[in-house]
Amino acid sequence: VIKTAFLDKTDKKKHFVACLISRTSKVKMKIFSNQPGLQLYTGHKLNFKSKQKKLSNFQGVCLETQHFPNSPNQKNFPSTLVLPNKNYKLFTIYKFEKLVISSGAFSKAEKKKIIASKDNPTNNISDA
């Protein structure tokens with residue numbers, strides 16, 4: 001079970017946050033954001049049945065960019081203060097790619113190649 005928040009950067013610039021890869025559907029999702037933290041939920045308690053759906057444990061995952069829990073009370077955490085008449089700008093980018101991959105386990109070189117990207121989608125975003 002993994003439920004955690006982590007600090008990637010304390011500045012408010014765009015940065016790479018995470019990458020998820022599915023060998024089954026052969027898709028990669030990269031996440032970029034200006035938020036300092038990421039909350040990860042593994043779906044470890046999704047055991048649910050209804051007439052329409054059945055969900056099993058670990059059948060889903062949720063990644064939420066955010067500030068840290070309890071940030072207003074922790075001086076060493078990035079500020080969450082929003083002032084009146086000031087713009088508050090936040091964003092999260094989800095970039096999806098179809099993969100061409102072989103069957104079997106990933107080698108270290110394959111992992112590096114899949115996660116690496118020539119184009120950073122945050123380069124095309126305006127701060128306005």
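The values are calculated or read from the model by the stated rules, or taken from the named source; none is laboratory data. Given the structure is predicted, the values throughout are model-derived calculations rather than measurements. So basically every Cβ, Gly included, is an ideal-geometry build from the backbone, and we count neighbours across all protein chains shown. These accessible areas exclude ligands, DNA and RNA; they are computed on the full protein's heavy atoms, side chains included. Shrake-Rupley method; radii C 1.70, N 1.55, O 1.52, S 1.80 Å.
Observations on the model:
- Solvent-accessible ranking of L38, L83, largest area first, probe 1.4 Å: L83, L38
- According to the Kirkwood relation over distinct C-alpha pairs, the hydrodynamic radius of the range 11-63 is 13.3 Å.
- Taking a point 7 Å from the Cα of N87 along the Cα-to-Cβ direction, the residues of the range 14-40 with backbone N closer than 20 Å to it are 14-15, 33-36.
- Pairs beyond 21 Å (Cα-Cα), from K30/K112; K28/K112; K13/K86; K26/K49: K26/K49
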